[in-house]
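*Asks:* I have a structure here, written as C-alpha coordinates, and I will follow up with some questions on it.
The values are calculated or read from the model by the stated rules, or taken from the named source; none is laboratory data. Quantities reported herein were computed from a predicted structural model and do not represent experimental measurements. Backbone-built Cβ (ideal geometry, glycine too); neighbour counts: all protein chains shown. SASA here: full protein model, heavy atoms, side chains in, ligands and nucleic acids out. Shrake-Rupley method; radii C 1.70, N 1.55, O 1.52, S 1.80 Å.
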Amino acid sequence: MSVVVHSPDAAETAEWRARLAALLPEYTVEPMLEARRPEAVRYAVVWQPGNGQLARFPGLRAIVSLGAGIDHVLADTALPAGVPIIRTVGRDLTQRMREYVALHVLRHHREMPALAAAQAAGRWEQIVPPPATARRVGVMGLGNLGAEAARSLAALGFDTAGWARSPREIEGVRCFAGAEGLSPFLARTEILVCLLPLTPETRDILNAELFARLPRGASLVNAGRGAHLVEDDLLAALASGQLSHATLDVFRQEPLPPGHPFWAHPGVTVTPHIASMIDPETGGRIVAANIRAFERDGTVPDLADAARGY
Ligand code: NDP
Ligand code: OXD
(Lines give C-alpha, C1' and ligand atoms only; values in the text may rest on other atoms or scores of the structure.)
(Ligands and ions follow the chains in the order given, each with its own letter.)
Protein backbone atom coordinates (compact mmCIF):
# COMPACT_ATOMS: atom_id res chain seq x y z
CA MET A 1 0.00 0.00 0.00
CA SER A 2 1.30 3.44 -0.74
CA VAL A 3 0.77 7.11 -0.04
CA VAL A 4 1.71 9.59 -2.75
CA VAL A 5 2.70 13.17 -2.04
CA HIS A 6 2.66 16.20 -4.32
CA SER A 7 3.26 19.92 -4.26
CA PRO A 8 4.26 21.93 -7.35
CA ASP A 9 7.42 22.79 -5.39
CA ALA A 10 9.80 19.80 -5.65
CA ALA A 11 11.67 20.66 -2.44
CA GLU A 12 8.39 20.85 -0.55
CA THR A 13 7.32 17.48 -1.98
CA ALA A 14 10.61 15.97 -0.80
CA GLU A 15 10.19 17.40 2.72
CA TRP A 16 6.63 16.11 3.05
CA ARG A 17 7.63 12.75 1.67
CA ALA A 18 10.43 12.35 4.21
CA ARG A 19 8.21 13.44 7.09
CA LEU A 20 5.31 11.15 6.13
CA ALA A 21 7.64 8.20 5.45
CA ALA A 22 8.88 8.55 9.05
CA LEU A 23 5.37 8.88 10.47
CA LEU A 24 3.67 6.19 8.35
CA PRO A 25 6.17 3.28 8.18
CA GLU A 26 3.36 0.89 7.21
CA TYR A 27 3.07 2.66 3.82
CA THR A 28 5.44 3.21 0.93
CA VAL A 29 5.55 7.00 0.58
CA GLU A 30 6.55 8.33 -2.83
CA PRO A 31 6.20 11.43 -5.01
CA MET A 32 2.88 11.34 -6.88
CA LEU A 33 4.49 11.84 -10.27
CA GLU A 34 6.81 8.87 -9.69
CA ALA A 35 4.29 6.36 -8.31
CA ARG A 36 5.59 2.97 -9.41
CA ARG A 37 2.42 0.95 -8.77
CA PRO A 38 -0.59 3.23 -9.31
CA GLU A 39 -2.97 0.41 -8.27
CA ALA A 40 -1.32 0.29 -4.82
CA VAL A 41 -1.94 3.98 -4.01
CA ARG A 42 -4.42 4.41 -1.14
CA TYR A 43 -3.93 8.07 -0.15
CA ALA A 44 -2.83 11.13 -2.12
CA VAL A 45 -1.52 13.98 0.00
CA VAL A 46 -1.54 16.96 -2.33
CA TRP A 47 -1.37 20.67 -2.94
CA GLN A 48 -2.45 21.58 -6.51
CA PRO A 49 -2.28 18.01 -7.86
CA GLY A 50 -2.87 19.12 -11.45
CA ASN A 51 -5.46 17.98 -13.92
CA GLY A 52 -6.05 14.24 -14.35
CA GLN A 53 -3.27 13.07 -12.03
CA LEU A 54 -5.48 11.62 -9.27
CA ALA A 55 -7.57 9.65 -11.78
CA ARG A 56 -4.50 7.42 -12.32
CA PHE A 57 -5.04 5.73 -8.93
CA PRO A 58 -7.97 3.27 -9.11
CA GLY A 59 -7.70 2.23 -5.43
CA LEU A 60 -7.60 5.74 -3.96
CA ARG A 61 -9.41 5.81 -0.58
CA ALA A 62 -9.05 9.50 0.19
CA ILE A 63 -7.41 12.67 -1.05
CA VAL A 64 -5.67 14.69 1.65
CA SER A 65 -5.44 18.44 0.95
CA LEU A 66 -2.20 19.93 2.22
CA GLY A 67 -4.19 22.85 3.57
CA ALA A 68 -7.62 23.99 4.66
CA GLY A 69 -8.87 24.86 1.18
CA ILE A 70 -9.94 22.16 -1.28
CA ASP A 71 -10.49 24.39 -4.34
CA HIS A 72 -7.08 23.30 -5.69
CA VAL A 73 -8.32 19.68 -5.69
CA LEU A 74 -11.82 20.42 -7.01
CA ALA A 75 -10.23 22.35 -9.90
CA ASP A 76 -9.26 18.95 -11.39
CA THR A 77 -11.82 18.34 -14.16
CA ALA A 78 -11.00 14.60 -14.10
CA LEU A 79 -11.24 14.23 -10.30
CA PRO A 80 -12.27 10.64 -9.46
CA ALA A 81 -15.91 10.82 -8.36
CA GLY A 82 -16.84 10.01 -4.77
CA VAL A 83 -13.33 9.91 -3.30
CA PRO A 84 -13.49 11.73 0.08
CA ILE A 85 -11.33 14.84 0.53
CA ILE A 86 -9.72 15.43 3.94
CA ARG A 87 -8.76 18.99 4.90
CA THR A 88 -5.58 19.51 6.91
CA VAL A 89 -6.36 21.93 9.69
CA GLY A 90 -5.24 22.32 13.27
CA ARG A 91 -4.15 24.62 16.06
CA ASP A 92 -1.01 25.89 14.28
CA LEU A 93 -2.96 26.88 11.17
CA THR A 94 -5.55 28.71 13.24
CA GLN A 95 -2.91 30.42 15.38
CA ARG A 96 -0.95 31.65 12.38
CA MET A 97 -4.10 33.04 10.74
CA ARG A 98 -5.10 34.81 13.96
CA GLU A 99 -1.67 36.46 14.02
CA TYR A 100 -1.88 37.50 10.36
CA VAL A 101 -5.37 38.95 10.67
CA ALA A 102 -4.61 40.79 13.93
CA LEU A 103 -1.37 42.21 12.47
CA HIS A 104 -2.94 43.54 9.29
CA VAL A 105 -6.19 44.77 10.83
CA LEU A 106 -4.18 46.65 13.47
CA ARG A 107 -1.92 48.00 10.73
CA HIS A 108 -4.93 49.44 8.87
CA HIS A 109 -6.59 50.60 12.08
CA ARG A 110 -3.45 52.45 13.26
CA GLU A 111 -2.90 53.97 9.77
CA MET A 112 0.54 52.41 9.39
CA PRO A 113 0.66 52.82 5.56
CA ALA A 114 0.05 56.59 5.95
CA LEU A 115 2.62 56.80 8.79
CA ALA A 116 5.19 54.93 6.66
CA ALA A 117 4.55 57.36 3.78
CA ALA A 118 5.01 60.30 6.17
CA GLN A 119 8.28 58.85 7.44
CA ALA A 120 9.51 58.29 3.87
CA ALA A 121 8.81 61.99 3.17
CA GLY A 122 10.48 63.08 6.46
CA ARG A 123 7.14 64.47 7.65
CA TRP A 124 6.09 64.58 11.32
CA GLU A 125 2.41 63.71 10.92
CA GLN A 126 0.45 62.76 14.00
CA ILE A 127 -2.45 60.56 12.87
CA VAL A 128 -4.64 59.66 15.81
CA PRO A 129 -7.02 56.78 15.12
CA PRO A 130 -10.11 56.09 17.19
CA PRO A 131 -9.77 53.39 19.84
CA ALA A 132 -10.43 49.87 18.55
CA THR A 133 -13.79 49.89 20.36
CA ALA A 134 -14.94 52.53 17.86
CA ARG A 135 -13.55 50.67 14.81
CA ARG A 136 -15.96 48.35 13.05
CA VAL A 137 -14.28 45.32 11.55
CA GLY A 138 -15.89 42.39 9.73
CA VAL A 139 -14.81 38.87 8.82
CA MET A 140 -16.33 37.09 5.81
CA GLY A 141 -16.32 33.33 6.48
CA LEU A 142 -16.76 32.08 10.03
CA GLY A 143 -15.27 28.60 9.75
CA ASN A 144 -12.21 27.26 11.57
CA LEU A 145 -10.11 30.26 10.61
CA GLY A 146 -12.66 33.07 10.32
CA ALA A 147 -14.34 32.36 13.66
CA GLU A 148 -10.98 32.34 15.49
CA ALA A 149 -9.82 35.49 13.68
CA ALA A 150 -13.07 37.24 14.64
CA ARG A 151 -12.70 36.14 18.28
CA SER A 152 -9.15 37.54 18.35
CA LEU A 153 -10.27 40.88 16.89
CA ALA A 154 -13.07 41.08 19.45
CA ALA A 155 -10.54 40.30 22.20
CA LEU A 156 -8.41 43.23 20.98
CA GLY A 157 -11.45 45.43 21.56
CA PHE A 158 -12.66 45.88 17.96
CA ASP A 159 -16.36 46.24 17.27
CA THR A 160 -16.43 42.93 15.40
CA ALA A 161 -18.93 41.34 13.04
CA GLY A 162 -18.85 38.23 10.90
CA TRP A 163 -20.70 36.85 7.91
CA ALA A 164 -21.26 33.22 6.94
CA ARG A 165 -23.63 31.14 4.85
CA SER A 166 -25.62 29.87 7.83
CA PRO A 167 -26.46 31.60 11.13
CA ARG A 168 -23.65 31.42 13.70
CA GLU A 169 -23.27 32.48 17.32
CA ILE A 170 -19.84 33.66 18.46
CA GLU A 171 -19.43 35.45 21.75
CA GLY A 172 -18.49 39.10 21.24
CA VAL A 173 -19.08 38.94 17.47
CA ARG A 174 -22.22 40.21 15.74
CA CYS A 175 -23.03 37.50 13.20
CA PHE A 176 -24.80 38.01 9.88
CA ALA A 177 -25.81 35.23 7.50
CA GLY A 178 -26.70 34.60 3.89
CA ALA A 179 -27.51 36.95 1.04
CA GLU A 180 -29.85 39.08 3.18
CA GLY A 181 -27.18 39.54 5.86
CA LEU A 182 -24.49 40.74 3.49
CA SER A 183 -25.62 44.38 2.99
CA PRO A 184 -26.03 45.25 6.68
CA PHE A 185 -22.72 43.47 7.42
CA LEU A 186 -20.88 45.48 4.75
CA ALA A 187 -22.53 48.79 5.64
CA ARG A 188 -20.95 48.66 9.12
CA THR A 189 -17.52 47.29 8.12
CA GLU A 190 -14.58 49.69 7.96
CA ILE A 191 -11.94 46.95 7.79
CA LEU A 192 -13.06 43.88 5.85
CA VAL A 193 -11.27 40.52 6.21
CA CYS A 194 -12.01 37.76 3.68
CA LEU A 195 -11.55 34.19 4.93
CA LEU A 196 -14.05 32.52 2.65
CA PRO A 197 -13.36 29.29 0.76
CA LEU A 198 -13.34 29.56 -3.02
CA THR A 199 -16.57 28.12 -4.42
CA PRO A 200 -18.77 29.04 -7.42
CA GLU A 201 -20.78 31.28 -5.03
CA THR A 202 -17.77 33.15 -3.64
CA ARG A 203 -15.67 33.52 -6.81
CA ASP A 204 -15.33 37.25 -7.69
CA ILE A 205 -17.26 38.22 -4.55
CA LEU A 206 -14.82 41.07 -3.76
CA ASN A 207 -15.98 43.27 -6.62
CA ALA A 208 -17.00 46.88 -7.34
CA GLU A 209 -20.59 46.33 -6.25
CA LEU A 210 -19.46 44.93 -2.88
CA PHE A 211 -16.86 47.67 -2.36
CA ALA A 212 -19.59 50.29 -2.98
CA ARG A 213 -21.56 48.87 -0.03
CA LEU A 214 -18.65 49.47 2.40
CA PRO A 215 -18.22 52.83 4.14
CA ARG A 216 -16.05 55.18 2.05
CA GLY A 217 -12.35 54.76 2.81
CA ALA A 218 -12.71 51.18 4.08
CA SER A 219 -9.80 48.78 3.81
CA LEU A 220 -9.52 45.14 2.84
CA VAL A 221 -7.51 42.13 4.01
CA ASN A 222 -7.85 39.15 1.65
CA ALA A 223 -6.35 35.91 2.91
CA GLY A 224 -9.02 33.68 1.34
CA ARG A 225 -8.24 33.07 -2.32
CA GLY A 226 -7.05 35.29 -5.16
CA ALA A 227 -10.10 34.46 -7.27
CA HIS A 228 -12.36 36.06 -4.65
CA LEU A 229 -11.05 39.42 -5.82
CA VAL A 230 -11.79 41.21 -9.09
CA GLU A 231 -8.40 42.88 -9.39
CA ASP A 232 -9.44 45.74 -11.72
CA ASP A 233 -12.34 46.58 -9.40
CA LEU A 234 -9.91 46.86 -6.49
CA LEU A 235 -7.60 49.16 -8.47
CA ALA A 236 -10.60 51.35 -9.42
CA ALA A 237 -11.87 51.46 -5.81
CA LEU A 238 -8.40 52.51 -4.59
CA ALA A 239 -8.16 55.17 -7.30
CA SER A 240 -11.57 56.63 -6.40
CA GLY A 241 -10.91 56.56 -2.64
CA GLN A 242 -13.80 54.15 -1.99
CA LEU A 243 -11.12 51.88 -0.53
CA SER A 244 -8.05 53.29 1.19
CA HIS A 245 -5.77 50.25 1.31
CA ALA A 246 -5.70 46.51 0.71
CA THR A 247 -3.53 43.77 2.15
CA LEU A 248 -3.48 40.77 -0.17
CA ASP A 249 -2.00 37.38 0.66
CA VAL A 250 -3.55 35.42 -2.21
CA PHE A 251 -3.67 36.11 -5.93
CA ARG A 252 -5.31 34.88 -9.12
CA GLN A 253 -1.86 33.96 -10.36
CA GLU A 254 0.71 32.78 -7.82
CA PRO A 255 3.52 33.70 -7.63
CA LEU A 256 2.25 37.21 -8.42
CA PRO A 257 3.89 37.90 -11.81
CA PRO A 258 6.69 40.49 -12.08
CA GLY A 259 5.32 43.85 -13.21
CA HIS A 260 1.83 43.20 -11.82
CA PRO A 261 0.32 46.57 -10.73
CA PHE A 262 -0.09 45.34 -7.13
CA TRP A 263 3.68 45.07 -6.57
CA ALA A 264 4.33 48.81 -6.62
CA HIS A 265 0.88 50.18 -5.75
CA PRO A 266 1.08 52.49 -2.71
CA GLY A 267 -2.38 51.33 -1.62
CA VAL A 268 -1.61 47.62 -1.75
CA THR A 269 0.42 45.46 0.63
CA VAL A 270 1.46 42.15 -0.90
CA THR A 271 2.34 39.07 1.13
CA PRO A 272 3.23 35.84 -0.74
CA HIS A 273 0.50 33.42 0.45
CA ILE A 274 2.05 33.01 3.88
CA ALA A 275 -0.83 34.03 6.13
CA SER A 276 -1.05 30.52 7.49
CA MET A 277 0.73 27.46 6.17
CA ILE A 278 0.84 23.89 7.35
CA ASP A 279 4.46 22.80 7.74
CA PRO A 280 5.68 19.19 7.53
CA GLU A 281 6.67 19.14 11.21
CA THR A 282 3.24 19.66 12.80
CA GLY A 283 1.19 19.26 9.63
CA GLY A 284 2.78 15.85 9.06
CA ARG A 285 1.48 14.64 12.41
CA ILE A 286 -2.05 15.80 11.51
CA VAL A 287 -1.93 14.20 8.04
CA ALA A 288 -0.61 10.90 9.44
CA ALA A 289 -3.24 10.85 12.22
CA ASN A 290 -6.00 11.58 9.69
CA ILE A 291 -4.84 8.79 7.36
CA ARG A 292 -4.74 6.31 10.25
CA ALA A 293 -8.14 7.40 11.56
CA PHE A 294 -9.65 7.25 8.07
CA GLU A 295 -8.21 3.79 7.49
CA ARG A 296 -9.69 2.65 10.82
CA ASP A 297 -13.10 4.40 10.84
CA GLY A 298 -13.73 5.35 7.20
CA THR A 299 -14.18 8.98 8.21
CA VAL A 300 -12.49 11.88 10.05
CA PRO A 301 -13.85 15.14 11.50
CA ASP A 302 -12.06 17.25 8.89
CA LEU A 303 -13.77 15.71 5.89
CA ALA A 304 -14.68 18.36 3.29
CA ASP A 305 -18.05 18.45 1.60
CA ALA A 306 -17.13 18.35 -2.08
CA ALA A 307 -20.68 19.15 -3.23
CA ARG A 308 -20.67 22.31 -1.08
CA GLY A 309 -17.13 23.12 -2.24
CA TYR A 310 -15.47 23.45 1.19
P1 NDP B 1 -14.18 26.47 6.72
O2 NDP B 1 -14.67 25.51 5.70
O3 NDP B 1 -13.96 26.00 8.12
O4 NDP B 1 -15.20 27.71 6.80
C5 NDP B 1 -15.69 28.36 5.68
C6 NDP B 1 -16.60 29.49 6.13
O7 NDP B 1 -17.03 30.23 4.98
C8 NDP B 1 -17.86 28.99 6.83
O9 NDP B 1 -18.22 29.85 7.88
C10 NDP B 1 -18.91 29.07 5.72
O11 NDP B 1 -20.23 29.28 6.16
C12 NDP B 1 -18.44 30.31 4.98
N13 NDP B 1 -18.98 30.30 3.61
C14 NDP B 1 -18.77 29.39 2.63
N15 NDP B 1 -19.46 29.73 1.52
C16 NDP B 1 -20.12 30.86 1.82
C17 NDP B 1 -21.00 31.70 1.10
N18 NDP B 1 -21.38 31.42 -0.16
N19 NDP B 1 -21.49 32.79 1.71
C20 NDP B 1 -21.16 33.08 2.99
N21 NDP B 1 -20.32 32.33 3.74
C22 NDP B 1 -19.81 31.24 3.15
O23 NDP B 1 -12.85 27.10 6.13
P24 NDP B 1 -11.54 27.60 6.90
O25 NDP B 1 -11.93 28.65 7.88
O26 NDP B 1 -10.77 26.44 7.39
O27 NDP B 1 -10.72 28.23 5.67
C28 NDP B 1 -11.28 29.26 4.87
C29 NDP B 1 -10.43 29.52 3.67
O30 NDP B 1 -9.24 30.22 4.03
C31 NDP B 1 -9.88 28.29 2.93
O32 NDP B 1 -10.85 27.68 2.12
C33 NDP B 1 -8.75 28.89 2.12
O34 NDP B 1 -9.25 29.39 0.90
C35 NDP B 1 -8.29 30.05 2.99
N36 NDP B 1 -6.97 29.80 3.60
C37 NDP B 1 -5.94 30.65 3.31
C38 NDP B 1 -4.71 30.48 3.88
C39 NDP B 1 -3.61 31.45 3.63
O40 NDP B 1 -2.47 31.19 4.05
N41 NDP B 1 -3.87 32.55 2.96
C42 NDP B 1 -4.45 29.36 4.81
C43 NDP B 1 -5.59 28.54 5.04
C44 NDP B 1 -6.80 28.74 4.45
P45 NDP B 1 -21.00 28.18 7.08
O46 NDP B 1 -20.39 28.35 8.46
O47 NDP B 1 -22.40 28.62 7.03
O48 NDP B 1 -20.72 26.84 6.46
C1 OXD C 1 -4.76 26.56 2.72
C2 OXD C 1 -3.78 27.55 2.28
O3 OXD C 1 -5.81 26.38 2.10
O4 OXD C 1 -2.61 27.51 2.75
O5 OXD C 1 -4.48 25.92 3.77
O6 OXD C 1 -4.11 28.41 1.47
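*Asks:* Heavy atoms only, probe 1.4 Å: what % of the accessible area of the range 91-270 goes to carbon and sulfur, would you let me know?
*Replies:* 54
*Asks:* Okay, moving on. Per-residue HN-Hα couplings for the range 193-205, Karplus 6.51 cos²θ - 1.76 cosθ + 1.60 at θ = phi - 60°, whole Hz, x for Gly and Pro?
*Replies:* My calculation for the range 193-205 gives 10, 9, 10, 7, x, 8, 9, x, 6, 9, 4, 6, 5 Hz in order.
*Asks:* Report the full-extension gain for the segment residue 282 to residue 123: residue separation times 0.36 nm, less the Cα-Cα distance, to one decimal in nm. Spell out each step's value before the answer.
*Replies:* Working: separation 159, 0.36 × 159 = 57.24 nm, distance 4.53 nm.
Using 0.36 nm per residue and subtracting the Cα-Cα distance, I get 52.7 nm.
*Asks:* How charged is the neighbourhood of residue 75? Take every other residue with its Cβ under 14 Å from the Cβ of residue 75, and add Lys/Arg as +1 and Asp/Glu as -1.
*Replies:* 0
*Asks:* Give the long-range amide H neighbours of residue 62: residues separated by 5 or more places, or on another chain, with amide H under 5 Å away, using H modelled in the peptide plane at 1.01 Å from N.
*Replies:* Sorted by chain and number, the residues that satisfy this are 44.
*Asks:* What share of all Cα pairs of the range 91-270, in percent, falls into each consecutive 10 Å distance bin?
*Replies:* With 10 Å bins starting at 0, P(r) equals 10, 39, 38, 12, 1.
*Asks:* Now for a separate question. Counting pairs of Cα atoms in the range 77-143, how many percent are more than 16 Å apart?
*Replies:* Summing the P(r) of the range 77-143 above 16 Å gives 67 percent of all pairs.
*Asks:* So who's got an amide H within less than 5 Å of the one on residue 304, skipping anything under 5 residues away but keeping other chains? H placed 1.01 Å off N, in plane.
*Replies:* Correct list: 85, 86, 87.
*Asks:* Rolling a 1.4 angstrom probe over the protein heavy atoms, how many square angstrom per residue are accessible across the chain?
*Replies:* 46
*Asks:* Still on this structure, I have one more. Counting only C-alpha contacts under 8 Å and six or more residues apart, can you give the relative contact order of the range 91-270 as a whole percent?
*Replies:* 16
*Asks:* While we're on this one: Return the long-range amide H neighbours of residue 219 (sequence gap of 5 or more, or a different chain), with a cut-off of under 5 Å between placed amide H atoms.
*Replies:* For residue 219, the qualifying residues are 191, 192, 244.
*Asks:* Taking the C-alpha atoms of the chain, how large are the radius of gyration and the largest Cα-Cα span, Dmax, in Å?
*Replies:* 20.8, 68
*Asks:* For residue 231, what charge total do you get from the other residues with a beta carbon under 11 Å from its beta carbon, if Lys and Arg give +1 and Asp and Glu give -1?
*Replies:* Once all neighbours under 11 Å are counted, the net charge is -2.
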